[in-house]
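J.: I have a structure here, written as structure tokens, and I will follow up with some questions on it.
Since every read-out is calculated from the coordinates, none of them should be taken as a lab result. Computed from a prediction, not measured in an experiment: that's the story for all the values here. Please note: Cβ atoms are built from the backbone with ideal geometry, for glycine as well, and neighbour counts cover all protein chains shown.
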Amino acid sequence: MSIITMQQTEIHEIEKLFRILQNHRVHCSLELKVEEESDPLLSIVRASVSVDYFQGIDENFLLVELNNGTDFSFSESKSTFHKYVSDCQFDICISSDKFSAFFSSGELSEQAVLEARD
């Protein structure tokens, strides 16, 4: 098992990565952990994804929808965003003091990796 170091990033970079998954029709997996629990509350594998960014009156949100009807809304001000891009996939972590959501892409084409690194 190798250890990766994720880079902190902004919500719009995470939106871009989800759009790459959406545009290249790459599935992702999700593990949702709540508070200090060591086991995930929810795990989903091979889900297609769509994403939208919403600007609210007092808050901005990233809405991530998985193909099984599971939707997640992440607050820009109450969440932190991290990413890791390798040669063949990327990982996303969105977290707060209450939860951590880890998304891992399936295998990406060279073009999708280039887009993710751009």
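J.: So the check is Cβ under 6 Å with 6+ separation or different chains; which pairs have a first residue in the range 21-36 that's over 10 Å from residue 106 (Cα atoms) and a second one that's small (Gly, Ala, Ser) and part of a strand (DSSP E or B)?
T.: Qualifying pairs under 6 Å: 22/50; 31/43; 32/101; 33/100.
J.: Next up: With respect to residue 39, is the statement that it is loosely packed, with under 15 Cβ neighbours inside 10 Å and either free of Cβ contacts under 8 Å to residues at least 24 places away in the same chain or hydroxyl-bearing (Ser, Thr, Tyr) (or both) true?
T.: yes
J.: Of everything in the range 80-118 that's in a loop (DSSP other than H, G, I, E, B) and in contact with a Leu (Cβ under 8 Å, 6 or more places away or on another chain), which residue is surrounded by the most Cβ atoms within 10 Å (Cβ to Cβ)?
T.: Ranking the qualifying residues of the range 80-118, first place goes to 89.
J.: Regarding the range 49-65, can at least one residue be identified that is under 24 Å from residue 5 (Cβ atoms), surrounded by fewer than 11 Cβ atoms within 10 Å (Cβ to Cβ) and acidic (Asp, Glu)?
T.: No, every residue in the range 49-65 fails to be under 24 Å from residue 5 (Cβ atoms), surrounded by fewer than 11 Cβ atoms within 10 Å (Cβ to Cβ) and acidic (Asp, Glu).
Per-residue answers, yes or no, for (1) among the acidic types (Asp, Glu); (2) under 23 Å from residue 97 (Cα atoms):
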position	(1), (2)
22	no, no
26	no, no
31	yes, yes
36	yes, yes
39	yes, yes
55	no, yes
58	yes, yes
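J.: Right, next: Of all residues in the range 50-98, count the ones that are among the basic types (Lys, Arg) and either under 16 Å from residue 33 (Cβ atoms) or out of contact with any Ser or Thr (no Cβ under 8 Å at 6 or more places or on another chain) (or both).
T.: Residues that pass the stated criteria total 1.
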